[in-house]
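Single-structure report; data block below.
The values are calculated or read from the model by the stated rules, or taken from the named source; none is laboratory data. Since the model is a prediction, treat every value here as computed from it, not as a measurement. All Cβ positions, glycine included, derive from the backbone under ideal geometry; neighbour counts span all protein chains shown. All accessible areas refer to the heavy atoms of the entire protein, side chains included, with ligands and DNA or RNA removed. Shrake-Rupley method; radii C 1.70, N 1.55, O 1.52, S 1.80 Å.
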Amino acid sequence: MTTHTTRMLILGSGPAGLSAAIYGARAGMAPIVVQGIQPGGQLTTTTDVENYPGFADVIQGPWLMEQMQKQAEHVGTRLMWDTIIQVDLSTRPFRLIGDGGDVYEGDVLVIATGAQAKWLGIDSEEPMKGKGVSACATCDGFFYRGKKVAVIGGGNTAVEEALYLTNHSDDVTLIHRRDTLRAERILQERLHAHPNITVLWNKEVREFVDGGGNAGLVALALEDTVTGETSRLDVEGGFVAIGHHPATELFRGHLALDDDGYIAVETGSTRTSVPGVFACGDVADKVYRQAVTAAGTGCMAALDAERFLAAAEFAELAEAAE
Ligand code: NDP
């Protein structure tokens, strides 16, 4: 069992955590990144990435994350493989404990543990991911230009994704398991007013139908939640938009979370309810959820952390001089 100490401790190694590390290392904070169970985050399970600025050609998600890791290491970040099982944010330095007993101490802590999309959990879903089934229309909608697509869900995300998909498709169906939407009224009004969106009420997806060979998704098998009647909807893209799980279990009771379980940050900053603890990326963002916004808030977290440390160190010096 070893104790690892740093001025800047970062938990999570997706675009948010690694961007915080790049900025933190260049500011002389010698960050340690504890990578967690999915090093590289959600982009490591994606293939084509066309919306991360700076690359004229299509790049691969895992490659992008590998580049970010190397960049973070080149400027002085230490990457550690560990899974944190316990946190103590009651005093500084903050302490995190790994499942093998290693202790990580940081004068500041940046939380970038991300979020995971919720999935329907039906058998055909996993094999069809990347073959027509996706949980992010903003990321993958472009690949379905001119094709029939469906969005599953009834909250803000589902409605926003359906509206977004009309940029690429003139045949979008929103499938909801009840007969009223959870989404905000303004979004509902836009949805219903859109000529290219059809809403199917009281329907659940029972199967993502594989066309065989290289065909990918060809249809959704549906069941009516009221009558039990089954039907088929021909689509080539199926977007599951039924919510996300922010990875905040470790911090419950230690930090303020919002009603949906995301870490609450002060508007326009990455400051959490505990001074010296910052949150960035999807763990604190249920609205944008993009790699580039995660990277942006990672940069913000490093700048906020640097300012916090400078102020804390100045206060300590002033106190010592008295
Ligand atoms: P929500 O939890 O709000 O909505 C999830 C939707 O998926 C619900 O309609 C739910 O149905 C449905 N659903 C859940 N599980 C299943 C299932 N197994 N099968 C079929 N349908 C299912 O998630 P969102 O991602 O939409 O939003 C999360 C939070 O983020 C909310 O607070 C939202 O307001 C916020 N948000 C804000 C945005 C903005 O401000 N622009 C954009 C996006 C999100 P049912 O209604 O029957 O429970």
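At 1.4 Å probe radius, can you tell me the per residue accessible area of region 1-120 in Å²?
Numbers: 5500 Å² over 120 residues.
For region 1-120, the solvent-accessible area averages 46 Å² per residue.
If you place +1 on the Cβ of every Lys and Arg, -1 on the Cβ of every Asp and Glu, and leave all else neutral, what size is the dipole of the chain about its Cα centre, to the nearest 20 Debye?
That gives the chain a dipole magnitude of about 280 debye.
Which shape class applies to region 197-247: rounded if a/c is under 1.5, otherwise prolate when a/b exceeds b/c and oblate if not, where a ≥ b ≥ c are the square roots of the Cα gyration tensor eigenvalues?
Working: a/c = 1.91, a/b = 1.06, b/c = 1.79.
Oblate, since a/c reaches 1.5 and b/c is not below a/b.
On the accessible surface of the chain, probed at 1.4 Å, how many percent belong to carbon and sulfur atoms? Before the final figure, lay out the partial values.
Working: 7910 of 15800 Å².
Accessible surface attributable to carbon and sulfur in the chain totals 50 percent.
Can you tell me how region 50-129 classifies by the Cα gyration tensor, rounded, prolate or oblate, using a/c under 1.5 as the rounded cut?
oblate
For region 256-299, what class follows from the C-alpha gyration tensor (a ≥ b ≥ c being the square roots of its eigenvalues): rounded when a/c is under 1.5, otherwise prolate if a/b is larger than b/c, else oblate?
Values: a/c = 2.32, a/b = 1.26, b/c = 1.84.
Taking the square roots of the gyration eigenvalues as a ≥ b ≥ c, region 256-299 is oblate.
Of the listed pairs K148/K286; K148/K203; K131/K286, which have alpha-carbon separations greater than 21 Å here? Walk me through the numbers before you get to the answer.
Numbers: K148/K286 27 Å; K148/K203 18 Å; K131/K286 25 Å.
Too far apart for the 21 Å limit: K148/K286; K131/K286.
Binning at 20 Å from 0, report for the chain what percent of all alpha-carbon pair distances ends up in each bin.
So the P(r) values, bin by bin, are 31, 50, 18, 1.
Is it possible to state the helix-based mean residue ellipticity at 222 nm for the chain, with each DSSP H run of 4+ residues giving -39500 (n - 2.57), the sum divided by total residues, to the nearest 500 deg cm²/dmol? What is it?
Numbers: 7 runs with 84 residues, N = 322.
Computed mean residue ellipticity for the chain: -8000 deg cm²/dmol.
Give the residue list of chymotrypsin sites (Phe, Trp or Tyr not before Pro) in region 256-303 that are DSSP loop and have at most 13 other beta-carbon atoms within 10 angstrom.
Working: sites: Y262, F278, Y288; in loops: Y262, Y288.
Filter output for region 256-303: Y288.
Let me check the size of region 170-219 from its C-alpha atoms; what are the radius of gyration and Dmax in Å?
Radius of gyration, then largest Cα-Cα span, for region 170-219: 13.8, 42 Å.
List the residue ranges in the chain for DSSP H helices whose C-alpha atoms run 30 angstrom or more along the long axis and whose Kyte-Doolittle average is -1.0 or above. If you can, show how the numbers build up before the last one.
Details: long enough: 291-321 (45 Å, 0.80).
The answer, listed by residue number, is 291-321.
Take the eigenvalues of the Cα gyration tensor for region 17-68, scale each by 5, and report the square roots as semi-axes in whole Å, largest first. Write out the running numbers ahead of the final one.
Details: eigenvalues 106, 43, 8 Å².
Over the Cα atoms of region 17-68, the ellipsoid semi-axes are 23, 15, 6 Å.
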